[in-house]
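**Student:** Supplied in C-alpha cells, the structure appears directly below.
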Amino acid sequence: MLKTHKIALNPNNVQATQFAQHCGYARVAYNHALADFKAGLAKGDWRSHINLQHRFNAVKYDQYPWAKDMSQTVSKCAIYNNLKDAISRWQSGPNRFPKFKSRSHGQSYQAIAGKGETQIEGQRIKLPKIGWVRLCEPLRFLGTVCKVVISKHGHRWFAAIVVDTFKADSIPDIRQHPVVGVDVGIKHLAVTSEGVYYENPKALKGYERKLKRLQRQLSRRQKGSRNWHKAQAKLAKLHYRITCIRQDTQHKATTAIVNGASRIGIESLNVAGMLKNHRLAKALSDASLSSFLSMLKYKAERIGVKIVEADTFYPSSKTCSACHVIDSNLSLSDRTYHCSVCGHTQDRDLNAAINLSTLAAGHAES
C-alpha cells in the first residue's frame, strides 16, 4: 500500500536557495514543453510527452546553461508527469487547456521519481544535488520510498514522501459502531446524529483585520524591493497559519467521526453554486466544506466505513426526524426545527444529521 507522509524540512540558507532554484527549473521545463506543444498543435503536429522531453533535452544546456547544476529528474518529472497529466485532463474532461506556470504561484518540484533513489536516516533525507537535509520529524512508515515532492507553503519547505509499505492496513471491526449522519455548515463545521457539535474555527475571520493590514502594507511597497519581499513573506506566513488552523480542526473532526461510525450519511453539496451567494461566499470559503468532506471520504475508505451521499435535493433540514413530514416553509434563518404536525422541536442541524443517519441506515438494509 502506498502512503504519504508530509514532513516539514529544516534547510539551511544554501539549501533553501537550492530548493527555490529547482522549483524554477521545474517551472522552466514545464513552460518550455507547453510552448513547444502549443506550437506543434498550431502546425497540426501532436507531440507526445516523450517527444517533448527529447526536444527539451536537445536545447536545455544551450538555452539554460545553469541547468547543468540541477537534478535532471526535475525536468523529466515536470514534463513526463505534470504536463502529461494536464494535457490528459484537458483531452478527457471539462478541464481547460493547460496554462503556463507562474513564479508567484505554488513552488514545488519532484525530487525523487523511483524506488531506491533516496536515503532517509532518522531525521534527515538525502536529495539529489542538494545532499542531506534535516527533517522536523522521522518518517512514520516503514517501506521503500517511491517519490519525494518538495514544496513551499508560506515560509516553510516540506517534503511529501510516498512510501510503499508492501502491506495493506489492518481494518478495524466497525460493526459495533452506530450509523452516523453528518450535517456540515457555517455556524458549526459539522453536527453528527449522535449530538456531537464540531465548531468552525473561522480562521480567516479571526485574522481578517491583520490580513487586510498586511495586504495594505504590501500594496504600498515598491514591487521587487527588499521591503516588498519582507511584506510578502509576512503575508504568506499569515496565510499559512490560517490554513494550518483550518486543516488541524478538520483533521481532528473527521478522524473522530470516522473512528466512531460503521456507516456515514452526508449531503451532496453544490459548493460552486453556493459560492454564488455573495452574502455567504466568504464564510463558505473560510469553512472549506469541500475539503472537510474530501477528508471524511478518504479516511472512511481507508478503514472500510461506507459513505452514503444524499441526493443534492434531499431535504435533510426540512424533514422532521420524528414523523418525516417535510416543512417546505423552513428558511435559512430558522435555527430550530418545529414540526407543525407532531410538535417535534429540535436544533435544525441536529435534525438534518439524524435524517442523514436514517437515510444511511436504510441504505444498509436495502
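**Student:** Using the basic label-point model (7 angstrom from Cα toward the beta carbon), what is the residue 61 to residue 103 distance in nanometres?
**Tutor:** Placing both labels 7 Å beyond Cα along the Cβ direction yields 2.6 nm.
**Student:** Would you list the P(r) distribution for the chain, with all Cα-Cα distances sorted into 10 Å bins from 0 and each bin expressed as a whole %?
**Tutor:** Calculated over all Cα pairs of the chain, the distribution is 5, 18, 23, 25, 18, 9, 2, 0, 0 percent.
**Student:** Sticking with this one: Looking only at Cβ-Cβ distances, which cysteines of the chain have no other cysteine closer than 4.7 Å?
**Tutor:** So far as the 4.7 Å Cβ criterion goes, 23, 77, 136, 146, 244 stand without a partner in the chain.
**Student:** Same structure again: Given labels modelled 7 Å from the Cα in the Cβ direction, how far is it in nm from residue 140 to residue 205?
**Tutor:** 3.0 nm
**Student:** Which Cα, out of 354, 9, 131, lies furthest along the positive dipole direction of the chain (beta carbon charges, K/R +1, D/E -1)?
**Tutor:** So the residue we want is 131.
**Student:** Moving on. Let me make sure I get this right: for the range 1-111, a, b and c are the square roots of the gyration tensor eigenvalues over alpha carbons, sorted descending. Under 1.5 in a/c it's rounded, otherwise prolate if a/b > b/c, else oblate. Which is it? Show your work: numbers first, answer last.
**Tutor:** Details: a/c = 2.12, a/b = 1.37, b/c = 1.55.
Oblate shape, in that a/c is at least 1.5 and b/c is the bigger or equal ratio.
**Student:** Under unit Cβ charges (Lys, Arg +1; Asp, Glu -1), what dipole magnitude, rounded to 20 debye, does the chain have relative to its Cα centre?
**Tutor:** Working: 56 positive and 26 negative charges, 505 e Å.
Here the size comes out at about 2420 debye.
**Student:** Return, ordered by residue number, the residues of the range 1-44 whose backbone nitrogen is under 18 Å from a label point located 7 Å along Cα→Cβ of residue 167.
**Tutor:** 1-4
**Student:** In addition: Any chance you could count the Lys pairs in the range 214-366 whose alpha carbons are under 19 Å apart, treating pairs 8 or more apart or on different chains as valid? Spell out each step's value before the answer.
**Tutor:** Numbers: 223/234; 223/237; 252/297; 252/299; 297/306.
Lysine pairs satisfying the spacing and distance rule in the range 214-366 number 5.
**Student:** Please identify which residues in the range 258-279 have an amide N closer than 18 Å to a label point set 7 Å out from the Cα of residue 306, following the Cα→Cβ vector.
**Tutor:** Residues passing the 18 Å test: 258-268.
**Student:** For residue 345 and residue 268 in the same chain, what is the full-extension length gain: residue separation times 0.36 nm, less their Cα-Cα distance, in nm? Don't skip to the answer; put the middle values down first.
**Tutor:** Working: separation 77, 0.36 × 77 = 27.72 nm, distance 2.52 nm.
So the chain would gain 25.2 nm between residue 345 and residue 268.
**Student:** Let me ask you something else. Is the shape of the range 85-160 best called rounded, prolate or oblate, per the rule: a/c under 1.5 gives rounded, else a/b larger than b/c gives prolate, else oblate, with a ≥ b ≥ c the square roots of the Cα gyration tensor eigenvalues? Don't skip to the answer; put the middle values down first.
**Tutor:** Details: a/c = 2.64, a/b = 1.78, b/c = 1.49.
Taking the square roots of the gyration eigenvalues as a ≥ b ≥ c, the range 85-160 is prolate.
**Student:** Helix by helix, which DSSP H runs in the chain go 18 Å or more along their axis at the Cα atoms and have an average Kyte-Doolittle hydropathy of 0.5 or more? Before the final figure, lay out each step's value.
**Tutor:** On the way: long enough: 13-42 (44 Å, -0.05); 49-63 (20 Å, -1.10); 226-259 (49 Å, -0.82); 289-303 (22 Å, 0.19); 348-365 (26 Å, 0.07).
TM-like helix candidates: nothing returned.
**Student:** Next question, about the same structure. For the range 63-218, what does the convex hull of the Cα positions come to per residue, in cubic angstrom?
**Tutor:** On the way: hull volume 39.5 nm³, N = 156.
Expressed per residue, the convex hull around the Cα atoms of the range 63-218 is 253 Å³.
**Student:** Now for a different question. Between residue 212 and residue 248, what length in nm is gained on full extension when 0.36 nm per residue of separation is reduced by their alpha carbon distance?
**Tutor:** Working: separation 36, 0.36 × 36 = 12.96 nm, distance 2.34 nm.
Length gained, residue 212 through residue 248: 10.6 nm.
**Student:** Translational diffusion coefficient, Stokes-Einstein: compute it for the range 125-184 using the Kirkwood radius over C-alpha pairs as Rh, at 10 °C and 1.306 mPa s, and state it as an integer in µm² s⁻¹. Spell out each step's value before the answer.
**Tutor:** Details: Rh = 15.4 Å.
Here the translational diffusion coefficient equals 103 µm²/s.
**Student:** Okay, moving on. Take residue 160 and residue 194, extend 7 Å from each Cα along the Cα→Cβ direction, and tell me the distance between the two endpoints in nm.
**Tutor:** 3.1 nm
**Student:** Name the lysines eligible as straight-distance cross-link partners of residue 38: C-alpha to C-alpha under 17 Å, and not fewer than 8 places from it in the same chain.
**Tutor:** In chain and number order, the partners are 84, 99, 101.
**Student:** Here is a further query. Which shape class, rounded, prolate or oblate, goes with the range 6-53 when its Cα gyration tensor gives a ≥ b ≥ c as root eigenvalues, a/c under 1.5 marks rounded, and past that a/b bigger than b/c marks prolate?
**Tutor:** Numbers: a/c = 4.94, a/b = 3.31, b/c = 1.50.
Verdict is prolate for the range 6-53.
**Student:** Output the peptides 28-41, 71-84, 89-102, 228-241 sorted from most to least packed, where packing is the average of other Cβ atoms within 10 Å over each peptide's residues. If you can, show how the numbers build up before the last one.
**Tutor:** Details: 28-41: 19.1, 71-84: 21.6, 89-102: 11.4, 228-241: 15.6.
Packing proxy ranking, top to bottom: 71-84, 28-41, 228-241, 89-102.
Bear in mind that the values in this text are calculations on the coordinates, not laboratory data. What you see is a predicted model, and the numbers here were worked out from it, not measured in a lab. Ideal geometry is used to build each Cβ from the backbone, glycine not excepted, and the neighbour counts take in all protein chains shown.
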